[in-house]
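See below for the structure under consideration.
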Amino acid sequence: MSEAVADTVAGAVAERFTELYGAEPHGVWAAPGRVNLIGEHTDYNDGFVMPFALPHKAVAAVSRREDGVLRLHSADVEGGVTELRLDDLSPESDKNWTAYPAGVVWALREAGHAVTGADVHLSSTVPSGAGLSSSAALEVVVALALNDLFSLGLRGWQLARLCQRAENVYVGAPVGIMDQTASACCEAGHALFLDTRDLSQRQIPFDLAAEGMRLLVVDTQVKHSHSEGEYGKRRAGCEKGAALLGVDALRDVPYAELDAALARLGDEEEVRRLVRHIVTENERVERVVSLLESGDTRAIGPILIEGHASLRDDFRISCPELDLVVDTALTSGALGARMTGGGFGGSAIVLAEETDVDAITKAVTEAFSAAGFTSPRVFEAVPSAGARRVR
Ligand code: GLA
(Lines give C-alpha, C1' and ligand atoms only; values in the text may rest on other atoms or scores of the structure.)
Protein backbone atom coordinates (compact mmCIF):
# COMPACT_ATOMS: atom_id res chain seq x y z
CA MET A 1 0.00 0.00 0.00
CA SER A 2 1.46 3.40 -0.94
CA GLU A 3 1.97 6.04 1.76
CA ALA A 4 -0.81 8.15 0.24
CA VAL A 5 -3.29 5.25 0.33
CA ALA A 6 -2.21 4.35 3.88
CA ASP A 7 -2.84 7.95 4.92
CA THR A 8 -6.33 7.92 3.40
CA VAL A 9 -7.15 4.69 5.27
CA ALA A 10 -5.80 6.13 8.53
CA GLY A 11 -7.92 9.25 7.96
CA ALA A 12 -11.08 7.22 7.40
CA VAL A 13 -10.47 5.10 10.50
CA ALA A 14 -9.82 8.24 12.58
CA GLU A 15 -13.01 9.83 11.26
CA ARG A 16 -15.12 6.81 12.18
CA PHE A 17 -13.53 6.79 15.64
CA THR A 18 -14.59 10.42 16.09
CA GLU A 19 -18.18 9.59 15.09
CA LEU A 20 -18.29 6.65 17.50
CA TYR A 21 -16.63 8.17 20.53
CA GLY A 22 -17.28 11.91 20.07
CA ALA A 23 -13.63 13.05 20.06
CA GLU A 24 -10.63 12.62 17.80
CA PRO A 25 -8.35 9.64 18.54
CA HIS A 26 -4.98 10.22 20.21
CA GLY A 27 -3.38 8.35 17.32
CA VAL A 28 -3.70 5.76 14.56
CA TRP A 29 -1.54 2.62 14.23
CA ALA A 30 -1.25 -0.15 11.63
CA ALA A 31 -0.02 -3.77 11.88
CA PRO A 32 0.18 -6.17 8.93
CA GLY A 33 -0.80 -9.76 8.30
CA ARG A 34 1.99 -12.06 7.15
CA VAL A 35 2.75 -14.87 4.80
CA ASN A 36 5.33 -17.48 5.74
CA LEU A 37 7.92 -18.26 3.07
CA ILE A 38 9.28 -21.36 4.84
CA GLY A 39 9.47 -22.79 8.39
CA GLU A 40 6.04 -24.22 9.23
CA HIS A 41 5.07 -25.42 12.72
CA THR A 42 8.68 -24.99 13.75
CA ASP A 43 7.91 -21.98 15.97
CA TYR A 44 6.55 -23.93 18.94
CA ASN A 45 9.55 -26.26 18.60
CA ASP A 46 12.02 -23.40 19.20
CA GLY A 47 12.99 -23.57 15.52
CA PHE A 48 13.43 -21.27 12.52
CA VAL A 49 10.82 -19.43 10.48
CA MET A 50 10.91 -16.96 7.61
CA PRO A 51 7.77 -14.87 7.24
CA PHE A 52 7.29 -11.51 5.59
CA ALA A 53 4.62 -8.85 6.13
CA LEU A 54 1.77 -8.35 3.69
CA PRO A 55 0.41 -4.99 2.56
CA HIS A 56 -2.89 -6.06 4.16
CA LYS A 57 -3.14 -4.60 7.64
CA ALA A 58 -5.21 -3.95 10.71
CA VAL A 59 -5.56 -0.24 11.42
CA ALA A 60 -6.58 1.02 14.86
CA ALA A 61 -7.58 4.49 16.01
CA VAL A 62 -7.05 4.59 19.76
CA SER A 63 -7.38 7.01 22.69
CA ARG A 64 -6.18 6.42 26.19
CA ARG A 65 -8.61 6.41 29.15
CA GLU A 66 -7.90 6.64 32.85
CA ASP A 67 -11.08 5.09 34.28
CA GLY A 68 -10.52 1.32 33.92
CA VAL A 69 -12.83 1.01 30.90
CA LEU A 70 -12.04 -0.55 27.52
CA ARG A 71 -14.35 0.25 24.62
CA LEU A 72 -13.96 -1.73 21.38
CA HIS A 73 -15.48 -1.38 17.96
CA SER A 74 -14.71 -2.99 14.61
CA ALA A 75 -15.67 -1.84 11.14
CA ASP A 76 -15.52 -5.47 10.01
CA VAL A 77 -18.03 -7.03 12.38
CA GLU A 78 -21.71 -6.21 12.77
CA GLY A 79 -22.67 -4.71 16.09
CA GLY A 80 -22.01 -1.65 18.20
CA VAL A 81 -19.37 -0.68 20.72
CA THR A 82 -18.45 -3.35 23.31
CA GLU A 83 -17.68 -1.89 26.74
CA LEU A 84 -15.58 -3.89 29.19
CA ARG A 85 -14.17 -3.16 32.64
CA LEU A 86 -10.45 -3.95 32.86
CA ASP A 87 -10.88 -5.57 36.25
CA ASP A 88 -13.40 -8.01 34.77
CA LEU A 89 -11.14 -9.29 31.96
CA SER A 90 -10.60 -12.98 32.46
CA PRO A 91 -9.05 -15.70 30.25
CA GLU A 92 -11.30 -17.70 27.91
CA SER A 93 -14.37 -15.69 28.92
CA ASP A 94 -14.91 -14.23 25.45
CA LYS A 95 -15.52 -16.18 22.22
CA ASN A 96 -15.86 -13.09 19.99
CA TRP A 97 -13.34 -11.00 18.04
CA THR A 98 -13.11 -8.71 21.07
CA ALA A 99 -11.08 -11.42 22.84
CA TYR A 100 -8.01 -10.44 20.75
CA PRO A 101 -7.76 -6.75 21.72
CA ALA A 102 -9.10 -7.41 25.24
CA GLY A 103 -6.57 -10.24 25.63
CA VAL A 104 -3.74 -7.84 24.79
CA VAL A 105 -4.88 -5.39 27.46
CA TRP A 106 -5.18 -8.30 29.91
CA ALA A 107 -1.66 -9.56 29.05
CA LEU A 108 -0.11 -6.10 29.40
CA ARG A 109 -1.72 -5.56 32.80
CA GLU A 110 -0.90 -9.06 33.95
CA ALA A 111 2.76 -8.36 33.10
CA GLY A 112 2.59 -5.31 35.39
CA HIS A 113 2.15 -2.54 32.81
CA ALA A 114 -0.03 0.34 33.95
CA VAL A 115 -2.69 0.41 31.25
CA THR A 116 -5.76 2.24 32.57
CA GLY A 117 -8.23 1.95 29.69
CA ALA A 118 -8.74 2.80 26.04
CA ASP A 119 -11.22 3.54 23.30
CA VAL A 120 -10.45 1.52 20.17
CA HIS A 121 -11.86 1.45 16.65
CA LEU A 122 -10.39 -1.19 14.33
CA SER A 123 -10.59 -1.87 10.63
CA SER A 124 -8.64 -4.63 8.88
CA THR A 125 -7.90 -5.67 5.32
CA VAL A 126 -6.25 -8.97 6.36
CA PRO A 127 -8.58 -11.78 5.22
CA SER A 128 -9.66 -13.79 8.26
CA GLY A 129 -9.33 -17.59 8.39
CA ALA A 130 -7.00 -17.47 5.38
CA GLY A 131 -3.81 -18.40 7.23
CA LEU A 132 -2.52 -14.84 6.86
CA SER A 133 -2.47 -13.88 10.56
CA SER A 134 -5.48 -11.61 10.82
CA SER A 135 -5.56 -12.31 14.59
CA ALA A 136 -1.92 -11.40 15.12
CA ALA A 137 -2.45 -8.15 13.20
CA LEU A 138 -5.33 -7.21 15.54
CA GLU A 139 -3.29 -8.05 18.61
CA VAL A 140 -0.13 -6.27 17.53
CA VAL A 141 -1.85 -3.08 16.40
CA VAL A 142 -3.54 -2.73 19.80
CA ALA A 143 -0.34 -3.61 21.68
CA LEU A 144 1.67 -1.04 19.75
CA ALA A 145 -0.95 1.68 20.29
CA LEU A 146 -1.02 1.04 24.05
CA ASN A 147 2.78 0.85 24.17
CA ASP A 148 2.92 4.37 22.71
CA LEU A 149 -0.03 5.88 24.57
CA PHE A 150 1.12 4.60 27.97
CA SER A 151 4.85 5.10 27.22
CA LEU A 152 5.62 1.47 28.10
CA GLY A 153 8.88 1.45 26.13
CA LEU A 154 8.48 -2.16 24.97
CA ARG A 155 10.34 -3.37 21.88
CA GLY A 156 8.65 -5.16 18.95
CA TRP A 157 9.69 -8.64 20.09
CA GLN A 158 8.44 -7.93 23.62
CA LEU A 159 5.07 -6.84 22.28
CA ALA A 160 5.00 -10.03 20.19
CA ARG A 161 5.53 -12.17 23.32
CA LEU A 162 2.70 -10.40 25.13
CA CYS A 163 0.40 -10.82 22.13
CA GLN A 164 1.22 -14.53 21.97
CA ARG A 165 0.37 -14.80 25.66
CA ALA A 166 -2.94 -13.03 25.00
CA GLU A 167 -3.73 -15.57 22.29
CA ASN A 168 -2.54 -18.63 24.23
CA VAL A 169 -4.12 -17.82 27.57
CA TYR A 170 -6.89 -15.27 27.01
CA VAL A 171 -8.20 -16.48 23.63
CA GLY A 172 -7.18 -20.09 24.31
CA ALA A 173 -5.38 -20.90 21.03
CA PRO A 174 -2.01 -22.71 21.47
CA VAL A 175 -0.18 -20.81 18.70
CA GLY A 176 3.57 -20.15 18.47
CA ILE A 177 5.37 -16.80 18.27
CA MET A 178 5.88 -16.43 14.50
CA ASP A 179 2.82 -14.41 13.48
CA GLN A 180 3.01 -11.77 16.19
CA THR A 181 6.76 -11.29 15.67
CA ALA A 182 6.27 -11.01 11.91
CA SER A 183 3.59 -8.38 12.32
CA ALA A 184 5.64 -6.43 14.86
CA CYS A 185 9.14 -6.73 13.36
CA CYS A 186 9.06 -7.25 9.57
CA GLU A 187 10.51 -4.65 7.22
CA ALA A 188 9.45 -3.70 3.69
CA GLY A 189 11.44 -5.48 0.98
CA HIS A 190 12.67 -8.15 3.39
CA ALA A 191 11.78 -11.55 4.78
CA LEU A 192 12.43 -12.06 8.49
CA PHE A 193 14.76 -14.92 9.44
CA LEU A 194 13.69 -15.54 13.00
CA ASP A 195 15.08 -17.92 15.58
CA THR A 196 12.01 -18.55 17.71
CA ARG A 197 14.10 -19.80 20.64
CA ASP A 198 15.56 -16.40 21.55
CA LEU A 199 13.78 -14.23 18.96
CA SER A 200 17.07 -13.19 17.37
CA GLN A 201 16.38 -11.95 13.87
CA ARG A 202 17.97 -11.11 10.54
CA GLN A 203 16.24 -9.11 7.81
CA ILE A 204 16.91 -10.88 4.50
CA PRO A 205 16.47 -8.73 1.35
CA PHE A 206 13.64 -10.29 -0.67
CA ASP A 207 12.80 -8.30 -3.78
CA LEU A 208 11.42 -10.78 -6.29
CA ALA A 209 10.20 -8.13 -8.75
CA ALA A 210 13.78 -6.92 -9.25
CA GLU A 211 14.66 -10.45 -10.41
CA GLY A 212 11.63 -10.91 -12.69
CA MET A 213 9.71 -13.16 -10.30
CA ARG A 214 6.54 -12.96 -8.27
CA LEU A 215 5.17 -14.66 -5.18
CA LEU A 216 1.45 -15.36 -5.35
CA VAL A 217 -0.80 -16.05 -2.41
CA VAL A 218 -3.69 -18.35 -3.27
CA ASP A 219 -6.38 -18.20 -0.60
CA THR A 220 -8.35 -21.42 -0.97
CA GLN A 221 -11.25 -19.87 0.99
CA VAL A 222 -11.28 -23.01 3.14
CA LYS A 223 -11.51 -21.53 6.64
CA HIS A 224 -9.42 -22.91 9.47
CA SER A 225 -9.44 -22.19 13.18
CA HIS A 226 -6.50 -22.76 15.51
CA SER A 227 -8.55 -23.18 18.63
CA GLU A 228 -9.89 -26.34 17.05
CA GLY A 229 -8.09 -29.52 17.98
CA GLU A 230 -5.72 -30.49 15.14
CA TYR A 231 -3.15 -27.72 15.69
CA GLY A 232 -2.98 -28.55 19.39
CA LYS A 233 -2.61 -32.26 18.62
CA ARG A 234 0.40 -31.60 16.38
CA ARG A 235 1.92 -29.44 19.09
CA ALA A 236 1.37 -32.09 21.75
CA GLY A 237 2.86 -34.75 19.43
CA CYS A 238 5.99 -32.64 18.92
CA GLU A 239 6.33 -32.18 22.68
CA LYS A 240 6.01 -35.92 23.14
CA GLY A 241 8.77 -36.43 20.55
CA ALA A 242 11.09 -34.02 22.37
CA ALA A 243 10.40 -35.78 25.69
CA LEU A 244 11.07 -39.23 24.20
CA LEU A 245 14.33 -37.98 22.72
CA GLY A 246 15.35 -36.26 25.94
CA VAL A 247 15.68 -32.73 24.45
CA ASP A 248 14.06 -29.43 25.49
CA ALA A 249 12.56 -28.94 22.03
CA LEU A 250 12.80 -30.62 18.61
CA ARG A 251 15.04 -27.74 17.57
CA ASP A 252 17.73 -29.55 19.53
CA VAL A 253 17.72 -32.57 17.21
CA PRO A 254 20.47 -31.83 14.62
CA TYR A 255 19.62 -32.67 11.02
CA ALA A 256 22.72 -34.89 10.83
CA GLU A 257 21.31 -36.99 13.69
CA LEU A 258 17.79 -37.33 12.32
CA ASP A 259 18.08 -41.00 11.32
CA ALA A 260 19.44 -41.97 14.71
CA ALA A 261 16.65 -40.02 16.43
CA LEU A 262 14.00 -41.71 14.30
CA ALA A 263 15.49 -45.12 15.11
CA ARG A 264 15.26 -44.29 18.82
CA LEU A 265 11.56 -43.53 18.44
CA GLY A 266 10.97 -47.17 17.49
CA ASP A 267 7.36 -47.91 16.65
CA GLU A 268 6.00 -44.44 17.59
CA GLU A 269 5.05 -43.95 13.93
CA GLU A 270 3.01 -40.78 14.38
CA VAL A 271 5.67 -39.07 16.51
CA ARG A 272 8.37 -40.15 14.05
CA ARG A 273 6.54 -38.37 11.23
CA LEU A 274 6.15 -35.17 13.24
CA VAL A 275 9.81 -35.21 14.28
CA ARG A 276 10.92 -35.80 10.69
CA HIS A 277 8.94 -32.79 9.50
CA ILE A 278 10.27 -30.42 12.15
CA VAL A 279 13.91 -31.44 11.81
CA THR A 280 13.88 -31.33 8.00
CA GLU A 281 11.88 -28.08 7.98
CA ASN A 282 14.45 -26.29 10.14
CA GLU A 283 17.13 -27.42 7.72
CA ARG A 284 15.03 -26.14 4.79
CA VAL A 285 14.81 -22.69 6.38
CA GLU A 286 18.58 -22.59 6.74
CA ARG A 287 19.04 -23.64 3.11
CA VAL A 288 16.60 -20.96 1.90
CA VAL A 289 18.39 -18.29 3.91
CA SER A 290 21.77 -19.20 2.48
CA LEU A 291 20.42 -19.32 -1.10
CA LEU A 292 18.77 -15.91 -0.72
CA GLU A 293 21.90 -14.46 0.82
CA SER A 294 24.00 -15.75 -2.05
CA GLY A 295 21.55 -14.31 -4.61
CA ASP A 296 20.38 -17.70 -5.88
CA THR A 297 16.68 -16.96 -5.44
CA ARG A 298 15.29 -19.30 -8.10
CA ALA A 299 16.92 -22.26 -6.35
CA ILE A 300 14.55 -21.93 -3.39
CA GLY A 301 11.69 -23.28 -5.55
CA PRO A 302 12.48 -27.00 -5.02
CA ILE A 303 12.83 -26.40 -1.27
CA LEU A 304 9.31 -24.98 -1.12
CA ILE A 305 8.08 -28.09 -2.94
CA GLU A 306 9.88 -30.36 -0.44
CA GLY A 307 8.33 -28.38 2.38
CA HIS A 308 4.84 -28.96 1.02
CA ALA A 309 5.40 -32.70 0.67
CA SER A 310 6.60 -32.84 4.26
CA LEU A 311 3.54 -30.93 5.56
CA ARG A 312 1.23 -33.10 3.47
CA ASP A 313 2.75 -36.53 4.10
CA ASP A 314 4.53 -36.27 7.46
CA PHE A 315 2.78 -33.49 9.36
CA ARG A 316 -0.55 -34.24 7.62
CA ILE A 317 -2.07 -30.79 7.72
CA SER A 318 -2.75 -30.14 4.04
CA CYS A 319 -6.15 -30.54 2.39
CA PRO A 320 -7.34 -31.31 -1.18
CA GLU A 321 -7.67 -27.61 -2.06
CA LEU A 322 -4.10 -26.77 -0.94
CA ASP A 323 -2.71 -29.81 -2.76
CA LEU A 324 -4.58 -28.81 -5.90
CA VAL A 325 -3.06 -25.31 -5.85
CA VAL A 326 0.43 -26.75 -5.45
CA ASP A 327 0.06 -29.50 -8.06
CA THR A 328 -1.60 -27.23 -10.63
CA ALA A 329 0.89 -24.40 -10.13
CA LEU A 330 3.82 -26.79 -10.58
CA THR A 331 2.44 -28.39 -13.73
CA SER A 332 1.82 -24.86 -15.09
CA GLY A 333 5.46 -23.86 -14.71
CA ALA A 334 5.77 -22.48 -11.17
CA LEU A 335 9.29 -22.54 -9.68
CA GLY A 336 7.94 -23.70 -6.32
CA ALA A 337 4.75 -23.86 -4.28
CA ARG A 338 3.63 -24.89 -0.81
CA MET A 339 0.87 -24.48 1.70
CA THR A 340 1.59 -21.71 4.20
CA GLY A 341 0.46 -21.08 7.77
CA GLY A 342 -1.27 -23.43 10.17
CA GLY A 343 -2.85 -25.70 7.56
CA PHE A 344 -6.21 -27.48 7.13
CA GLY A 345 -7.23 -24.75 4.68
CA GLY A 346 -6.09 -21.17 4.36
CA SER A 347 -3.54 -20.23 1.73
CA ALA A 348 -0.77 -21.60 -0.46
CA ILE A 349 2.13 -19.63 -1.93
CA VAL A 350 3.43 -19.94 -5.48
CA LEU A 351 6.84 -18.72 -6.62
CA ALA A 352 6.81 -18.00 -10.35
CA GLU A 353 8.48 -16.17 -13.18
CA GLU A 354 6.60 -12.93 -13.80
CA THR A 355 5.82 -14.12 -17.33
CA ASP A 356 4.06 -17.26 -16.03
CA VAL A 357 1.81 -15.59 -13.47
CA ASP A 358 -1.26 -15.19 -15.68
CA ALA A 359 -1.14 -18.76 -16.98
CA ILE A 360 -0.70 -20.18 -13.46
CA THR A 361 -3.54 -18.08 -12.04
CA LYS A 362 -5.83 -19.20 -14.85
CA ALA A 363 -4.87 -22.86 -14.47
CA VAL A 364 -5.46 -22.84 -10.70
CA THR A 365 -8.81 -21.07 -11.06
CA GLU A 366 -9.93 -23.53 -13.73
CA ALA A 367 -8.76 -26.53 -11.71
CA PHE A 368 -10.81 -25.32 -8.72
CA SER A 369 -13.87 -24.90 -10.87
CA ALA A 370 -13.42 -28.37 -12.41
CA ALA A 371 -13.09 -29.90 -8.93
CA GLY A 372 -16.23 -28.10 -7.74
CA PHE A 373 -14.30 -26.03 -5.15
CA THR A 374 -15.12 -22.42 -4.25
CA SER A 375 -13.14 -20.08 -6.48
CA PRO A 376 -9.78 -19.14 -4.85
CA ARG A 377 -8.56 -15.59 -4.27
CA VAL A 378 -5.18 -14.97 -5.86
CA PHE A 379 -2.99 -11.95 -5.17
CA GLU A 380 0.65 -10.98 -5.37
CA ALA A 381 2.47 -10.73 -2.04
CA VAL A 382 4.97 -7.89 -1.78
CA PRO A 383 7.10 -7.81 1.41
CA SER A 384 5.73 -4.82 3.30
CA ALA A 385 6.37 -2.80 6.45
CA GLY A 386 5.79 -4.12 9.96
CA ALA A 387 3.66 -2.45 12.63
CA ARG A 388 3.98 1.33 13.00
CA ARG A 389 2.23 4.50 14.01
CA VAL A 390 0.57 6.10 10.98
CA ARG A 391 -0.87 9.25 12.64
C1 GLA B 1 -0.15 -20.55 12.83
C2 GLA B 1 0.39 -20.18 14.20
C3 GLA B 1 1.90 -19.97 14.16
C4 GLA B 1 2.61 -21.13 13.47
C5 GLA B 1 1.93 -21.48 12.15
C6 GLA B 1 2.50 -22.71 11.51
O7 GLA B 1 -0.03 -19.47 11.96
O8 GLA B 1 -0.22 -19.00 14.67
O9 GLA B 1 2.39 -19.77 15.46
O10 GLA B 1 2.69 -22.24 14.31
O11 GLA B 1 0.53 -21.68 12.31
O12 GLA B 1 3.80 -22.48 11.10
1.4 Å probe accessible area per residue over the range 3-203, in Å² = 34
Based on the alpha-carbon gyration tensor of the range 69-161 and its eigenvalue square roots a ≥ b ≥ c, which shape applies: rounded if a/c is under 1.5, prolate if not and a/b is larger than b/c, or oblate?
-> oblate
Only helical DSSP H runs with n ≥ 4 go in: add -39500 (n - 2.57) per run for the chain, normalise by residue count and round the 222 nm mean residue ellipticity to 500 deg cm²/dmol.
-> -12500 deg cm²/dmol
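Using Cα-Cα distances under 8 Å and only pairs 6 or more residues apart, what relative contact order does the chain have, in percent?
Worked out over the chain, it gives 23 percent.
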Largest-first principal axis extents, alpha carbons of the range 17-63, Å | 46, 20, 13
Let me know the charge dipole size of the range 228-310 about its Cα centre in debye, to the nearest 20, where only the beta-carbon of Lys, Arg (+1) and Asp, Glu (-1) is charged.
-> 120
Where labels lie 7 Å past Cα in the beta-carbon direction, separation of T331 and E366 in nm = 1.1
Which pairs in the list K95/K233; K57/K95; K57/K233 are over 24 Å apart, alpha-carbon to alpha-carbon?
-> K57/K233
Please give the per residue accessible area of the range 278-327, computed with a probe of 1.4 Å over protein heavy atoms only, in Å².
-> 35
Carbon + sulfur, % of accessible area of the chain - ligands and nucleic acids excluded, 1.4 Å = 48
Kirkwood Rh in Å, taken over the range 3-203 so that all alpha-carbon pairs contribute = 16.7
Quick one: work out the % antiparallel among DSSP beta bridges in the chain, nearest 5.
-> 90
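What length, rounded to one decimal in nm, is gained on full extension from R298 through to E239, with 0.36 nm per residue of separation minus their alpha-carbon distance? Don't jump to the answer; show the numbers that get you there.
Working: separation 59, 0.36 × 59 = 21.24 nm, distance 3.45 nm.
Gain on stretching R298 to E239: 17.8 nm.
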How much of the calculated P(r) for the range 157-225 lies past 18 Å, in percent of all Cα pairs?
-> 53
How large is the Kirkwood hydrodynamic radius of the chain, in angstrom, based on all distinct alpha carbon pairs?
-> 21.3
Note to self: C-alpha centroids of the range 316-335 and the range 137-186 sit apart, in Å, by 32
Contour minus Cα-Cα span, E257 to D87, at 0.36 nm per residue, comes to 56.2 nm
Between T280 and E15, Cβ-based FRET efficiency (R0 56 Å, step 0.05) works out to 0.65
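The values are calculated or read from the model by the stated rules, or taken from the named source; none is laboratory data. Everything quoted here is computed from the prediction, not taken from an experiment. Note: ideal-geometry Cβ built from the backbone for every residue, glycine included; neighbour counts use all protein chains shown. Only protein heavy atoms, including side chains, enter the accessible area calculation; ligands, DNA and RNA are left aside. Shrake-Rupley method; radii C 1.70, N 1.55, O 1.52, S 1.80 Å.
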